[in-house]
Amino acid sequence: MERTFVMLKPGVLQRRIAGEVIGRFERKGLKIIAMKLLHMDKITAEVHYAEHKGRDFYEKLLAYTLSGPVIAMVLEGNEAISVVRRLAGSTSLADAQPGTIRGDYAACTRLNIVHASDSPGSAEREIGLFFGKGEICAWEDGNAGWF
Ligand code: CMP
């Protein structure tokens, strides 16, 4: 099992589509093992997007990220990092395929609705930036309490 970090950007809450977006990950069978709603502070946003510092879109990316609350999540599943990246779709507006989250909901590359870790190293770093160990709630299938 692999863990990955996902952030639903401010546009998700603003457009009232959190349930739809989270539902796509759940329908695929990914397990939510941590989730929180937060208004990110500037330092956390700068650390999170440090690799993009200096790019022409960096300041606007930070402004968007800080413009409202985000939903941070840790998802677990087989090959979760690449599965989530495929569900999210390409970063670039022109390349994001219909049927992917970005392909269906994003109208601008910078405002591309979701962030998802791109490697095991990023996943570990990003999970650690947003969640303490005690906030990860690992659980087993088979005890849903339906019966
Ligand atoms: P994300 O997956 O959160 O990681 C970095 C973010 O920078 C990316 O999604 C986009 O929101 C933004 N980004 C990346 N490339 C560009 C670009 N060429 N123009 C504008 N924004 C970009």
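The values are calculated or read from the model by the stated rules, or taken from the named source; none is laboratory data. Just so we're clear, the structure is a prediction, and the values are computed from it rather than from any experiment. With ideal geometry, Cβ positions are generated from the backbone for all residues, glycine too; neighbour counts draw on all protein chains shown. Heads up: the accessible areas ignore ligands, DNA and RNA and are worked out on the full protein's heavy atoms, side chains in. Shrake-Rupley method; radii C 1.70, N 1.55, O 1.52, S 1.80 Å.
Computed with a 1.4 Å probe over protein heavy atoms only, the accessible surface of segment 22-147 comes to 58 Å² per residue. Taking 7 Å steps out from each Cα toward its Cβ at residue 67 and residue 28 produces label points 2.5 nm apart.
Spatially close Lys pairs in the chain, defined by Cα atoms under 14 Å apart and a spacing of eight or more places or different chains, total 5.
Of the heavy-atom accessible surface of the chain (probe 1.4 angstrom), what whole percent is carbon and sulfur? Summing carbon and sulfur atoms, their accessible area is 53 percent of the total for the chain. Using alpha carbons only, the radius of gyration of the chain set against its Kirkwood radius gives Rg/Rh = 0.95. In segment 20-62, one over the average inverse separation of all distinct C-alpha pairs is 12.9 Å, which is the Kirkwood hydrodynamic radius. For residue 51, neighbours were defined as the other residues whose beta-carbon sits under 14 Å from its Cβ, and their charges (Lys and Arg +1, Asp and Glu -1) total 0.
Remark: the chain carries a charge dipole of roughly 380 debye about the Cα centre, counting +1 on each Lys and Arg Cβ and -1 on each Asp and Glu Cβ.
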